[in-house]
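*Asks:* Quick one: this structure, given as C-alpha cells, is what I'll be asking you about.
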Amino acid sequence: MQRIEIRVKKTIYEQHVRNSDGQTRIVLGGPGMTDLESKIYRAIANANGIKGSEIAAELGVEKRIVNSALANSSALKAVVRQESDFKWYLINSQRTGGKKTAGATPPRPDEDLRKLCNYYLNCLSLESSSSVSQFLTSRFSLQYAVLSGLGVDSDSDQTVLNLLSKISSNRDSKAYLGYPVRIYTVYGKGGTAYQKIAPIFLFPVEYTGGNVEISWLPSINMEVLKGYCENNSDSLSVELVNLETELGMNTPDADIEVDELVLRLKEIRQWDWSENIDPYNIPCAAKLEDLPNGIYNRPIIIEAAREKYTQGLEAELMTLANMPEENYRGTALYSWVKGIAATVQSNDMQPLLEVLPLNSEQAQSVETALRSELTIVTGPPGTGKSQVVTDLLVNIAWNGKSALFSSKNNKAVDVVDARVNGLCKRPVLLRIGNNQYASRLAEIVEGLLNARPTATDKSDTEFYSREYDAKIAEANKLRNDKNSIVAARNALNELEQKYCLVRELTDRCFDSIIPVDVSRVEQAASAFATAHHKTRKEGQNFFVKLFWSSIKSKRIAACEKAADYYNSYAVRYKLALANTDLSEVEVKKLAADAVAFDKALAIATDYKVTLGKFRSYESLEDIDKKLAYNKSALAGIAYKLWDKWLTSQAVSFSANERQEMSNFVAAMKLAGDVDLSSNPELKKQFSKMSKQMTKYLQCWAVTSLSAKSRVPFEAGVFDYVIIDEASQCDIASILPLLYRAKRAVIIGDPKQLSHISQLSRQQDLALLQKYHIQPAWSYSTNSLYALAAGKVSVEDIVQLKDHFRSCADIIEFSNEVFYDGSLRTATKYAGLKTPTGEKPGIRWINETGRIVRPSNGSAYNDEEVAAVVKELSRLVKAGYEGSIGVTTPFRLQAEKIKSSLENNDPNLHNELLRNHEFIADTVHKFQGDERDLMIFSVVVAKGAPASTLGFLNSTGNLFNVAITRARAVLVVIGDYRYCTDCSVSYLRKFADYYDKLTAGERKMQKSTSMPDSREYPCVANPEHVSDWEKNLYTALYDAGIQTIPQYPVDKYKLDLVVILNNGRKLDIEVDGTMYHRNWNGELCYRDQLRNQRLFELGWDVKRFWVYQIRDDMPWCIQQIKDWSKVQRE
C-alpha cells in the first residue's frame, strides 16, 4: 500500500511516494493534477524551456491534448508560464540567456534614426487601412463565410468557395482566413447600432483556378486592437509592436503554430473571450448572427480592401527606431541617415564576368556597383535592367560576396530568380517567399546534396579562365586599335580644316604633291629673285657697274638657270613661270606668291601624307565585326567558366544536416505540389530548410514587403542590397533592407510610374515638421530613387541607353519627349510579331467619341470601348499570333472594355486569354510588363472636364509607360483631331509626332530596282542627304556601279547600297553629317550598333570619310569594285 504526502515549497510541488519496501522516491507534480498534467509538469520541470509540440512528442500524445491541458488546467497555470519563444517554463525558473545586468543603462537610440522611423511609422498609420472587418449581417451577400476548420480546399462549403471566387475576381479586394473572431457593436451617425465581425489573426489567402493557398504567417488585425486601446495612430502602433513582441512574432527564427499563438494570446490579454479557444474543436452549432458580442472560436474567410503595407514593416521600423548608433554603423542605412557621401572603394574585384553580354553602359553599371558604396542606375523601358541585375549577382558571387535582391514587384523577383539560376544547374540565388517555393527549394537542396566536384571540374575552370582572359585581351586590343583609328581620323579632320583655308592654292595640283618639295618652292623663287636682281645694272655698286659689260652675260645665264630650276616646280604645281624679262615688281610678286604657296604646300603635304596612311588602316567596320564575334565568343566562354566554377565549389555538410536535407527532399517528392498548410510538419521543415540554405547560396531574392521573418534582421548581413523598380518604391519599406546591407545599388526610372501615397501633402508636411525631417525623405512626394539620386552627383548616375524592346517609331517619341534623345534603338526587328501585312510602328484609329465622367470620379468613352473590341476581333479573325494588351489612363474605361468582352463576346475574350496573354487594365497594372501589340484608349475628347485634363497633365509618366509597353505595334484609339489641339501637352505632341511619321511613310518609296540615271534620284528625306553622298553616287554610276540611295533596313536608312544578283549586299556609308566634327565615343558606339545589326542581317558595310571621297575618289571606287569581285567569286 502506497502512502502519499504532499509538500509545498516556493510553489514547486513534489510528491514523496513511499513504496512498500519503505524507500521514498520524489515525483514532481501538484495537488489536484491528473496523471497527464503531472507528466506535463515533469516534462517542463526537466527542461529549460520546452514547446507544447515537444512535450506531446515526449509523452506520445497529440499536441492538441497537451495544449488544451496547458490552456485550461488551473493546477498547471499556477506553476508554469509560457514565454514569447512559445516555450514553457516553471514560474520561478529563470530562462537561460538574455538576462540583463542589474543597474546597466542601455545605450540610447540614435536620434536621427529614431526621428526618421517614427516619422514613417506615423505616415503608415495615417495612410494604411490595416483594419479588416465586415458587418455581421447584411441584406445582401455577406462579405465573410464561416469555416468548419482551419483550412480551405476544393471540398469546402460552396459558400466559402463562391466568396473566394468573387474576391479573386476583384483586383481591389483580397481574402484572409481569420481566427478567432470578435463580434462587437458600432453605432452609425443616427445612433443606430450595428454588429460587426473582425478576426484577431489574419492569414492571407490566394485563390487561383480552383487552387487555394494560405500563407500561415500571421498578422494582427488592427481593427481588434482599436477595441482595447486608445484609437489613435501612435497608440495603435505601439500596442501592435508590443503585442507582436510578446507573441514572438518579431523573432526571425520563430516557428509559430496557430494553436500556440491563439492560446498564448488568451493568456496574455484579458479580452472578452466568450468561448474556449481550441483550433482542434471548432463548434458548429450556433450561427454567428445569433451570438452576442465577444471573441469566439470560429475561423472565417473574410473579404478586405487591399492594403499597401504589411505590419511587418512597422515592426522593423519600430526596432530601428530604438537602435543605438553603434548597432547600425557600417550599413548602407547609416550612410544614408547620416548624409555620408558615397565613395568608391579600391578595386579589388576580379575582371568582369559577362555571362550575359553587356553593352558599354550595362558593363559600367555592374563595375560601378561592385566597387561603390552607392550606385544609381537609370533604366528606361526596355534597356536590359534584368540583364544588368543578372550579371551583377553573378559577379557578386564570383567575388565571394553576398547580395539581397528586392523589388516591390513579385514578377521582377521571379524573373531575376529564373535568369540567375537558369544559367547553370547549380543555383546561386535563393528565392525567399511563401510555400509555393517549397518545391523549388527541394530541387536546390537535392542539387547541393548531389554535387560532387571533381579534379576535371577544377582543371576545366582553370582552362576556361585562361581562355576568358585571352578573349578579354583580344577585345582590349581591338578597342585600342579602334580608338587609334578614331584618333587618327580626328587628327585628319583637324588637318583638313587647316587645308581648307589654303585649298585654293593647292587644289589644282593636289595629286602632284611630292612631300620633299616643301620649302623648295620658296627657296627656288628666292634664288631666282636674287639672280634676276643681279641682271639689272641699276641698283648695283660702283665696281659692278664699272665691269658690267664683261659680267652681264654671266649674270643673265645664272638668272636663266635659276628660272629653269624654279619653273620645274612651277610647272608641277601650276604656278606662274619665271623668265629674265619679268619686271622687278613681277619678280617680287612671284617670290611672295611662292612664299604663300610653300606654306600652303606644307599643310597640303601633311594632309596628303596622313590621308595616304589612312588607306593602310583597318576599317572600323571590320573591327566592329571582330568585336561582335569576340563579344559572342566571350559570352560563351564566360557561361562555361561560370558553370565550371560553380560546379567546382566544394560544399560540406554535417551528417545531421545531410540527413535533414535528404528527409526534406524525400518528403517533398512524396507530398508533390500541395499546399504546405495542410502538412504542418512539412511546412516546419520548409521554414527550417530555407534558413539553412542561406549558408550555401550567396544571393537571395525577396519582395520588399516579405523580408520580415524571412531575411535575418542583422546589420550588414549582406555586402550588397539591390533594389529594382526604385522609382515605385516608397522610402519607408526599404530602410530595413538598407540596414541589412553594407552597400546599395538602386535601379529605377524617374520617367516611369512613381511611388503613390494616399497620405495628403498637408498631413505629410505636418509630420515632416513634427519630426524635423528634411523634405528629401518625404513619404508622400519622394520615391526611393529620387532620394538615392540626390545623394550622388549627376555624373555618378549610370544611364542605360540601348533600347531593345520596341520598334524605333514607338520608342522615338518617348526618347525625344521624356529622355532628351539619349536612347539608342537596338531592337532586333526580326523578332517583332506584327499582324499579317503590317509593318512595325504606330497606327491611329480615329474615333470621335463622347467622354463621360461620373460623379464618383474616373471617366469612360463608350465609342472607344466599341472601337477597341472591334479592333481586337479583327486581329483575332486575321490570325494574329502575338500577345495583346489594352490600356488606358482611366479605371472605368478599363472595366468597361473588360465587361464588354466578357458579356458581349465571351468567345473572343476566351480566345484572347488563351492564346494572346491578354490583359486590359489601367496603365499602373502594366508597369514592368510588355506585349507584342498594345492598344491605347485615349478616352478624352471634346467636352472633357477641366479636372480630367488636369489629371492627365499631371501624369505624363503614365503615357510614357503606356506606349512603351508595345514591342511591335501600338494602336491608338481616340479623337485624333481633338488630340492635335488638346491642352494635354504630351497628347498634342504625340499627335504631331504621328502626323510626321505618316507623312514620312507616304513619301517613302522603298525600291529594289536600280535608278537609271547618273543624277541622284528623289528620296523621301532629302534633308538628310549630303552633297558628298550625291557625288559618290554619281562617281560610282560613271564607274559602272549602280547603287540605291536611302535604302530602309529596320530603323535605318542606308546611304547607298549595292545588291548583287547572288544576294550579297553592301551598305556604303558616307560621314557627311560628321564632316568637320570630331568623332566621340557616343558617335562611334551608335555607328557600331548599326554595323552589328546589319552584320546580323547579312550585310557588309564600308564607310568612307568625306576627305576620301573628295581627295581620293579613285581609291574609294576601287574599294567597291574589289568587294564586288570577291563577292561574285
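*Asks:* Cut-off under 13 Å on the C-alpha distance; same-chain residues fewer than 8 positions from residue 989 excluded. Which aspartates and glutamates are left, in chain and number order?
*Replies:* Straight-line reach from residue 989, under 13 Å: 812, 816, 981.
*Asks:* Provide the percentage of antiparallel DSSP beta bridges, counting only those with both residues in the chain; round to the nearest 5.
*Replies:* 55
*Asks:* Then there is this: If R₀ is 51 angstrom, what is the calculated FRET efficiency for the pair residue 997 and residue 543, using the beta carbon separation as r and rounding to 0.05?
*Replies:* Efficiency at R0 = 51 Å is approximately 0.05.
*Asks:* Give, rounded to the nearest 20 debye, the magnitude of the charge dipole that the chain has about its Cα centre when Lys and Arg contribute +1 at Cβ and Asp and Glu contribute -1 at Cβ. Don't skip to the end; give the middle numbers.
*Replies:* Values: 140 positive and 140 negative charges, 319 e Å.
Dipole magnitude for the chain comes out near 1540 debye.
*Asks:* Next up: Output the peptides 1013-1024, 519-530 sorted from most to least packed, where packing is the average of other Cβ atoms within 10 Å over each peptide's residues.
*Replies:* Sorting 1013-1024, 519-530 by mean packing, highest first, produces 519-530, 1013-1024.
*Asks:* Testing the spin-label approximation: label points 7 Å from Cα along Cα→Cβ at residue 983 and residue 170. State their distance in nm.
*Replies:* Distance between the two pseudo-spin positions: 3.6 nm.
*Asks:* Which entries in 877/942; 174/226; 870/1053; 477/742 show an alpha-carbon gap greater than 27 Å?
*Replies:* The answer is 877/942; 870/1053; 477/742.
*Asks:* State to the nearest 20 debye the size of the charge dipole of segment 513-614 about its Cα centre, where the only charges are +1 on K and R beta carbons and -1 on D and E beta carbons.
*Replies:* With Lys and Arg at +1 and Asp and Glu at -1, about 240 debye.
*Asks:* Another question, if that's okay. For segment 503-607, take the alpha-carbon Rg, divide it by the Kirkwood Rh, and send me Rg/Rh.
*Replies:* 1.07
*Asks:* Right, here's the next one. In nm, to one decimal, how far is the modelled label at residue 845 from the one at residue 822, with both set 7 Å along Cα→Cβ?
*Replies:* If labels sit at residue 845 and residue 822, their model points lie 3.6 nm apart.
*Asks:* Further, regarding this structure: Nearest 10 degrees, 0 to 90: what angle lies between the long axis of helix 548-573 and the longest principal axis of the chain (Cα atoms)?
*Replies:* The two axes meet at around 40 degrees.
*Asks:* Which aspartates and glutamates have a Cα lying under 12 Å from the Cα of residue 751, excluding residues fewer than 8 positions away in the same chain?
*Replies:* Once the sequence-local aspartates and glutamates are set aside, what remains near residue 751 is 725, 820.
*Asks:* Among 421, 878, 248, whose Cα lies farthest out toward the positive end of the dipole of the chain, if unit charges sit on the beta carbon of Lys, Arg (+1) and Asp, Glu (-1)?
*Replies:* Most positive-ward Cα: 421.
*Asks:* Another question, if that's okay. Could you tell me how many degrees, from 0 to 90 and to the nearest 10, lie between the Cα long axis of helix 455-506 and the main elongation axis, the longest principal axis, of the Cα atoms of the chain?
*Replies:* Computed tilt is about 40 degrees.
*Asks:* Ok, one more. What FRET efficiency would be calculated for the residue pair residue 616, residue 572, taking the C-beta separation as r and a Förster radius of 25 Å, to the nearest 0.05?
*Replies:* Using R0 = 25 Å, I get an efficiency of 0.45.
*Asks:* Right, next: Taking R0 as 56 Å, what FRET efficiency do you get between residue 949 and residue 455 from their Cβ-Cβ distance, rounded to the nearest 0.05?
*Replies:* 0.20
*Asks:* If the reach is capped at under 29 angstrom between alpha carbons, list the lysines near residue 545, excluding any in the same chain fewer than eight residues apart.
*Replies:* Those lysines meeting the cut-off are 534, 537, 554, 561, 588, 589.
*Asks:* For the pair residue 514/residue 195, report the inter-label distance in nm, with labels modelled 7 Å from Cα in the Cβ direction.
*Replies:* Each label point lies 7 Å from its Cα, and together they span 11.8 nm.
*Asks:* Cβ neighbours within 10 Å, averaged per peptide: list 936-945, 131-140, 1093-1102 in order, most packed at the top.
*Replies:* In decreasing order of mean packing, 936-945, 131-140, 1093-1102 become 936-945, 1093-1102, 131-140.
*Asks:* Let me ask another. Using only Cα positions of the chain, each an equal point scatterer, no hydration layer, compute I(q)/I(0) via Debye at q = 0.05, 0.06, 0.10 Å⁻¹ and quote the log10 values to two decimals.
*Replies:* Results for the chain at q = 0.05, 0.06, 0.10 Å⁻¹ read -0.50, -0.66, -1.43.
*Asks:* Next question. Beyond 21 Å between alpha-carbons counts as too far, so tell me which of 458/631; 115/401; 471/626 fall in that bin. Kindly include the intermediate steps, with their values, before the conclusion.
*Replies:* Values: 458/631 25 Å; 115/401 32 Å; 471/626 11 Å.
Cα-Cα > 21 Å for 458/631; 115/401; rest within.
*Asks:* Same structure, new question: As a test of the formula, what do you get for the chain when each DSSP H run with n ≥ 4 contributes -39,500 (n - 2.57) and the sum is divided by the residue count, at 222 nm and rounded to the nearest 500 deg cm²/dmol? Please report the intermediate quantities before stating the final value.
*Replies:* Working: 38 runs with 511 residues, N = 1129.
The helix-only estimate for the chain comes to -14500 deg cm²/dmol at 222 nm.
Each value in this text was obtained by applying a stated rule to the coordinates, not by laboratory testing. In this text the structure is predicted, and so the values were computed from the model without any measurement. No Cβ is skipped: glycine too gets one built from the backbone with ideal geometry, and neighbour counts run over all protein chains shown.
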